[in-house]
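Engineer: Questions regarding the structure given below will be posed in turn.
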Amino acid sequence: MPTQIFVNMHVKDLAKSKTFFENLGYTFNPQFTDENAACMVISDTIYCMLLTTGHMERFVPKGKTIADASKVTETLLALSSDSKDAVNELFEKAIAAGATEARPTEDHGFMYGRSFNDLDGHIWEVFWFDPSALQ
C-alpha cells in the first residue's frame, strides 16, 4: 500500500468548513466523519481531517495550544494541479466560497501558483509546474 498522508487541522465551524470544501469539489469519507471530525478526500493518498476544537485537543499534548490560523501560520498546504487553468479554477472556486487571496499570483513560466486563506485562515497553495523544466 502506498504511503498516505492525513493532514489534521482545526476548524471553528465544521459544517461551514465542509460546505466550503465541497464547493471546491472535494468529498468526505463518511466512515471517518461525524459531528467532531470530517475526513476530506483530496486524492487516493491525501486526506485532510477537519477537527472541531474539542476533538483536536485530544491529539495535542498537554501544554500546547491549538494555533488560530487567522493570526499565525503553522504550515502551508501545497497541492499540485494538472495545468494553469486547473490552478485558476480551484482558486476561483475558493474565492467564490468565501476564501481570501493569501498573496498575489506567481508566474515563473515553468511554474505557476495561487494561494488562498480558507475560512479558518489556513493557507492553501495551488500550483502547476512543467515537468520538462526539471530536465
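Engineer: When the dipole is taken about the Cα centre of the chain, and only Lys, Arg (+1) and Asp, Glu (-1) are charged at their Cβ, what size is it in debye, to the nearest 20?
Structural biologist: Roughly 480 debye, rounded to the nearest 20.
Engineer: Identify, among G63, A15, A86, the residue whose Cα sits farthest towards the positive end of the charge dipole of the range 9-131, taking +1 on the Cβ of Lys and Arg and -1 on the Cβ of Asp and Glu, with the dipole about the Cα centre.
Structural biologist: Of G63, A15, A86, it is G63.
Engineer: Using only Cα atoms, tell me the angle between helix 84-96 and the longest principal axis of the chain; keep it within 0 to 90° and round to the nearest 10.
Structural biologist: Here the helix axis deviates by roughly 40 degrees.
Engineer: Something else now. Considering only DSSP beta bridges with both partners in the chain, what is the antiparallel share in %, to the nearest 5?
Structural biologist: Restricted to the chain, the bridges split so that about 65 percent are antiparallel.
Engineer: Distance between Cα centroids, the range 1-70 to the range 72-128: provide it in whole Å.
Structural biologist: With the range 1-70 and the range 72-128 each reduced to a Cα centre, they are spaced 18 Å.
Engineer: Follow-up question, since we're still on this one. Restrict the search to the range 7-116; then list the GluC sites (Glu not before Pro) that DSSP places in a loop and that have at most 10 other Cβ atoms within 10 Å of their Cβ.
Structural biologist: Filter output for the range 7-116: E35.
Engineer: May I pose another question? What are the principal axis extents of the Cα atoms in the chain, in Å, biggest first?
Structural biologist: Largest first, the chain extends 46, 37, 29 Å along its Cα principal axes.
Engineer: Further question on the same structure: Would you mind ranking L79, L119 so that the residue whose beta carbon has the fewest other beta carbons within 10 Å leads the list?
Structural biologist: In increasing order of surrounding Cβ atoms, one gets L79, L119.
Engineer: Return the FRET efficiency for the residue pair D130, T45: r is the Cβ-Cβ distance, R0 is 22 Å, and the value is rounded to the nearest 0.05.
Structural biologist: After rounding to 0.05, the efficiency reads 0.45.
Engineer: Can you give the angle from 0 to 90° between the axis of helix 14-23 and the longest principal axis of the chain, with both taken from C-alpha atoms, to the nearest 10?
Structural biologist: Between the helix axis and the principal axis of the chain, the angle is about 20 degrees.
Engineer: For T52, T3, which order do you get if you count the other beta carbons within 10 Å of each Cβ and list the fewest first?
Structural biologist: With the fewest neighbours first, T52, T3 line up as T3, T52.
Engineer: For a quick check: sort R114, R58, R103 by the number of other beta carbons within 10 angstrom, fewest at the front.
Structural biologist: Going from sparsest to densest Cβ surroundings: R58, R103, R114.
Any read-out appearing in this document is the output of simple, stated calculations on the displayed coordinates, not a laboratory observation. These numbers come from a predicted model, not from an experiment. Don't worry about glycine lacking a Cβ; one is built from the backbone with ideal geometry, like all the others, and counts go over all protein chains shown.
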